[in-house]
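The values are calculated or read from the model by the stated rules, or taken from the named source; none is laboratory data. All values derive from a computational prediction rather than experimental measurement. Neighbour counts are summed over all protein chains in view; Cβ atoms, including those assigned to glycine, are modelled from backbone coordinates with ideal geometry.
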There are 2 protein chains.
Amino acid sequence: MMRRQFRRPLSEDEESEAENGAQEAMMKCVSCKEEYAASDAGTCRECYEEASETEEELKREIEDLKAKVHFLRFWAPLGPLDHHHQQRPAVAPCFTDVVLVASDNPVPVPAHKAVLASRSPVFRAMLENEMEESLSGTIKISDVSYDALRSFVNYLYTAEACLDEHMACDLLVLADKYQVKHLKTYCEKYMISKLNWENSLLSFAFANQHNAKSLFDAAQSLIMDNMDKLSKREEYKELVEKDPRLVVEIYEAYLSKQVNTAAHKDSSTKP
Amino acid sequence: MMRRQFRRPLSEDEESEAENGAQEAMMKCVSCKEEYAASDAGTCRECYEEASETEEELKREIEDLKAKVHFLRFWAPLGPLDHHHQQRPAVAPCFTDVVLVASDNPVPVPAHKAVLASRSPVFRAMLENEMEESLSGTIKISDVSYDALRSFVNYLYTAEACLDEHMACDLLVLADKYQVKHLKTYCEKYMISKLNWENSLLSFAFANQHNAKSLFDAAQSLIMDNMDKLSKREEYKELVEKDPRLVVEIYEAYLSKQVNTAAHKDSSTKP
């Protein structure tokens, strides 16, 4: 711990030195109010004041943007999922002109064509081109649970979702399928934050399957840091069986990283 | 100009002083790289680093919020007003279910009931209660130009408007009438930024008429700073004629401020 070292009590020698006039060399931080010496100097007063102004400005900008988000946010026709009233919408659908239906539950999720089309180019093409979905006013979504579908629709209205690891996967799949980039980034960020050695191989394969580039890179990087343990994992053996080309990608990336590191070392040691 | 004074060239006396060891008392600002003495000390290094991290975090939050705004923003059915094609919408209306019509121009402005109802409680009541407007699918807006109506509708979709002083007034009137708080705040901020002695009385009366509290206060405060010139203004005479009670409000506020200032002075001079 070398931080705050300049605040250790002065030794006897230093104290006498301080008395001899070196005391003026100590300055007081306007932020933490403690004294510090030249080697621990941060900013001058003027730069400090400018930085404070910048911070105030940034905070004001955040408040403005939050108010904008609040204004632009829609009430979703059904609102977020409420497990006590799962089958009965709390809010009456308002001017909705389309419903979405999940494969596991016949209860329709009402929505507005305009909202779906504005958030997803896939829905837009589907609805504008008078395909079956547009004419019938019903969009069937396969391979998705009612809960996930409802969270998905709610996100399209509010840019908000309550994620756990399972829901993040479900929503990422939907976001990829319907090209809702903002939601995809949101799920990827969440999954990257939950990444660990235990789930890295599954996450890697999942990211590959659903074109989640950031998650793919993060999982691959974690795997490459643990190459010695890799081949012992059950998921590794399964992946070799199921998708050997993907395993080859790991080895190729690992090798390329090794070559780069060696080249870098080589060039930095040369005169 | 007292800023940066600590960077003036050193006098001869000071230079010899510096050579005698006082040099150590100078520190280097990590931000502007200039030297400064104890009296101009800002922060220590640790506080400087913490502040930089905070700034980075705030900037990241701003990026996230901007992406959210972008995602939640709708393409308005007509888009912002394009003066070259004023009469012909550039974008085909998508799934719109209602039109708005201004008093000065029969060209309808298409919109979605769901969007209008979500942004304005007045539209919501109008449309949900199956009033004439809901049944006919046409909402007539009186005392408004086509340009202002279109900007108004565009704001409901995008939270953006291109303001000048005239448009700010028009939109504030609409925002007040249809209770679109976010737009009202936006117009008020703009008008406050354009406030000056010349337009203060008109702004004051306008703010009073349309319940614009911030603008009202700002205009009143500006008027009170110029009481000596007040009664000579033409607008003053007109206001006394038209709305004497409002003029009384100015005098009451002025008197109350004088009494407060006197009381404050009084208490601070007492032992």
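Details
Residue-by-condition table, conditions (1) modelled with pLDDT of 95 or more; (2) assigned by TED's automatic domain parsing to the domain that holds B:Asp143; (3) of a type outside the set (Asp, Glu):
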{"position": "B:Val180", "(1), (2), (3)": "yes, no, yes"}
{"position": "B:Thr185", "(1), (2), (3)": "yes, no, yes"}
{"position": "B:Ile192", "(1), (2), (3)": "yes, no, yes"}
{"position": "B:Leu195", "(1), (2), (3)": "yes, no, yes"}
{"position": "B:Ala205", "(1), (2), (3)": "yes, no, yes"}
{"position": "B:His210", "(1), (2), (3)": "yes, no, yes"}
{"position": "B:Glu249", "(1), (2), (3)": "no, no, no"}
{"position": "B:Tyr254", "(1), (2), (3)": "no, no, yes"}
{"position": "B:Asn260", "(1), (2), (3)": "no, no, yes"}
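- B:Asn154 being farther than 17 Å from B:Lys213 by Cβ and surrounded by fewer than 20 Cβ atoms within 10 Å (Cβ to Cβ): no
- When the residues of region A:122-144 are filtered to those that are hydroxyl-bearing (Ser, Thr, Tyr) and out of contact with any strand residue (DSSP E or B) (no Cβ under 7 Å at 6 or more places or on another chain), the one that is nearest to the other protein chains (Cβ to nearest Cβ) is A:Ser134.
- Positions within region B:93-114 being at the interface with chain A (Cβ under 8 Å from one of its Cβ atoms) and either at pLDDT below 85 or surrounded by fewer than 18 Cβ atoms within 10 Å (Cβ to Cβ) (or both), in sequence order: B:Cys94
- Scan of region B:115-140 for residues that are buried (at least 19 other Cβ atoms within 10 Å of the Cβ) and among the aliphatic types (A, V, I, L, M), ordered by number: B:Val115, B:Leu116, B:Ala117, B:Met126, B:Leu127, B:Ile139
- When A:Cys162 is tested against (1) surrounded by 16 or more Cβ atoms within 10 Å (Cβ to Cβ); (2) assigned by TED's automatic domain parsing to the domain that holds A:Leu116, only condition (1) is not met.
- Qualifying residue in region B:76-92 (condition: surrounded by 12 or more Cβ atoms within 10 Å (Cβ to Cβ), at pLDDT 80 or above and either within 22 Å of the chain's Cα centre (by Cα) or not β-branched (Val, Ile, Thr) (or both)): no
- Boolean, A:Leu174 is in a helix (DSSP H, G or I), in contact with a strand residue (DSSP E or B) (Cβ under 7 Å, 6 or more places away or on another chain) and crowded, with 22+ Cβ neighbours inside 10 Å: no
- Single residue of region A:45-58 satisfying the filter (without any contact (Cβ under 8 Å) to a residue 12 or more places away in the chain and at the interface with chain B (Cβ under 7 Å from one of its Cβ atoms)) that is farthest from B:Glu61 (Cα to Cα): A:Glu46
- Lone qualifier among A:Ala67, A:Ala125 - being in the same structural domain as A:Ala175 (by TED's automatic domain parsing), hydrophobic (A, V, I, L, M, F, W, C), assigned to a helix (DSSP H, G or I) and modelled with pLDDT of 75 or more: A:Ala125
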